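Colleague: Sharing a structure here in structure tokens format.
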Amino acid sequence: MAVKALKRTWSGSLVVGRLPEGCSLCMRGEKLVLFVTGLCAKRCYYCPLSSEKRGRDVVFANERPVASDEDVLSEAREMDAKGTGLTGGDPLLKPQRTLHYVKLLKEVFGPNHHVHLYTTTGKHVDREVLRRLAEAGLDEIRFHPDLASPIGLERIRWASDEGITTGLEVPAVPGMEEALKRLLIEAERLGASFVNINELEMNDENYFQLRLRGFKIKEGSLSGVEGSEELALKLLEWAENELSLNVHYCPSFIKDAYQYRNRLRRKAARLAKAYEEVTSEGLLRKGIVESPSLERLHGLKEALIKLGVDSKLAFLDSSRRVLELPVKVLEEAKRLGLLKDMEAYIVEEYPSFDRREASKTPLN
Ligand code: SF4
């Protein structure tokens, strides 16, 4: 039995052994999140899926609703994705669609585009579909079994026999220490190469079910459930001495502080126009001037160009009747008295497909 040291990763998560490749890319914000379907045969009481997705056969690439393959590919290109995580629901309730996406991503972005898949241990996950996923180039699979009465764990063996890096993805549910230990032992016996333990999170969707069972959010956290991290640490320390499995603990703050924010930063850096700056949060910041009169906006743009502002830094959106500028240029225009009777704002937008507004502050 290998004895491995418990280490902290650069992001603050903890690992015994090696960090799974899917986690490594995910924390750096380099993975496209491809939500394949909201359908799922399981009814985990802690399921965090939003009502917009749960039980609905919908597809999203990050936050973008998907109507065609091009939506998926555009989203991956915009963030310069190095890999993709196929998630749900249970993507393998739509096996053809899942296979199609694995093939598409490998064909378009090449064999090094790392693809991992989350699924359950249900009967529909048979040897045939695992074989076809392996043929399509799936790199990593993460099974989410029932914690209290896990069935279908032989799928771990089937998947690793196909050459897919295989692991479990489980939440650290307080009170489930013995059940989780049994699961980890079984995962190791069946040839899994890793287990990823998530901090149990409470959100609007699972709030009622978790409160009903006496769980609450720990102090100082937005969503982490009290007692979950302590349990995860216990499991890591135990695994360090008892197992040769790689075990990673992903605290809830990682999703916001690294996974999501790094993804925004990557997208923002690629999408920023000449007059936009990327904030440390990964938002796009710019100045805007609004007026019902296109003529006045034209006049302002011309005046700025005469003052030496590069025309690329003053974009007039005629349909929205908005002139977009760098914040510094907007402030200078205000100082020179060029904005009289026009409304000026500093705006921050998400680098999402719909450029959702994060804030709009009137220029003082
Ligand atoms: S397996 Fe995942 S998607 Fe399905 S109910 Fe459980 S937590 Fe929700």
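Colleague: Go over the candidates Asp80, Asp57 one by one and state the one that is away from the ligand (no atom under 16 Å from the Cβ) and assigned to a loop (DSSP other than H, G, I, E, B).
Modeller: Asp80
Colleague: Test of understanding: among Glu295, Glu281, Glu302, which residue is part of a loop (DSSP other than H, G, I, E, B) and not assigned by TED's automatic domain parsing to the domain that holds Arg261?
Modeller: Values: Glu295 fails: part of a loop (DSSP other than H, G, I, E, B); Glu302 fails: part of a loop (DSSP other than H, G, I, E, B).
Being part of a loop (DSSP other than H, G, I, E, B) and not assigned by TED's automatic domain parsing to the domain that holds Arg261 holds for just one of Glu295, Glu281, Glu302, which is Glu281.
Colleague: Determine whether Asp71 is away from the ligand (no atom under 16 Å from the Cβ) and more than 30 Å from Arg8 (Cα to Cα).
Modeller: Yes; evaluated as a whole, the condition is true for this residue.
Colleague: While we're on this one: Can you find a residue that is within 18 Å of His116 (Cβ to Cβ), open to solvent by 30 Å² or more (accessible area, probe 1.4 Å) and either within 16 Å of the ligand (Cβ to nearest atom) or in a strand (DSSP E or B) (or both) anywhere in the range 35-51?
Modeller: yes
Colleague: Would you check which residues across the range 105-123 are more than 13 Å from the ligand (Cβ to nearest atom) and either over 12 Å from Ala159 (Cβ atoms) or surrounded by fewer than 18 Cβ atoms within 10 Å (Cβ to Cβ) (or both) and list them?
Modeller: Correct list: Leu105, Lys106, Glu107, Val108, Phe109, Gly110, Pro111, Asn112, His113, His114, Val115, Lys123.
Colleague: Test each condition in (1) open to solvent by less than 60 Å² (accessible area, probe 1.4 Å); (2) over 24 Å from the mean Cα position of the chain (by Cα) for Ser221 and report the one that comes out false.
Modeller: (2)
Colleague: Are any residues in the range 124-156 away from the ligand (no atom under 16 Å from the Cβ), surrounded by fewer than 18 Cβ atoms within 10 Å (Cβ to Cβ) and within 27 Å of Tyr45 (Cα to Cα), and if so, which ones?
Modeller: Residues satisfying the conditions are Asp126, Glu154.
Colleague: Output the qualifying pairs, or none if there are none: Cβ atoms under 6 angstrom, residues six or more apart or on different chains, first residue in the range 24-41 and touching a residue at least 40 places away in the same chain (Cβ under 8 Å) and more than 19 Å from Asp69 (Cβ to Cβ), second residue aromatic (Phe, Trp, Tyr) and open to solvent by 30 Å² or more (accessible area, probe 1.4 Å).
Modeller: So the pair list comes out as Met27/Tyr258.
Colleague: For the range 262-278: of the residues being of a type in the set (A, V, I, L, M) and assigned to a helix (DSSP H, G or I), which is surrounded by the most Cβ atoms within 10 Å (Cβ to Cβ)?
Modeller: First pass over the range 262-278, keeping only residues of a type in the set (A, V, I, L, M): 264, 268-269, 271-272, 274, 278.
So of that shortlist, the ones also assigned to a helix (DSSP H, G or I) come out as 264, 268-269, 271.
Values: Leu264: 22, Ala268: 24, Ala269: 14, Leu271: 17.
Looking at residues that are of a type in the set (A, V, I, L, M) and assigned to a helix (DSSP H, G or I), I get Ala268.
The values are calculated or read from the model by the stated rules, or taken from the named source; none is laboratory data. Bear in mind the structure is a predicted one, so any value in this text is a computation, not a measurement. As a convention, Cβ positions derive from the backbone with ideal geometry for all residues, glycine included, and neighbour counts pool all protein chains shown. We work out accessible area using only protein heavy atoms, side chains counted, and drop any ligands, DNA or RNA first. Shrake-Rupley method; radii C 1.70, N 1.55, O 1.52, S 1.80 Å.
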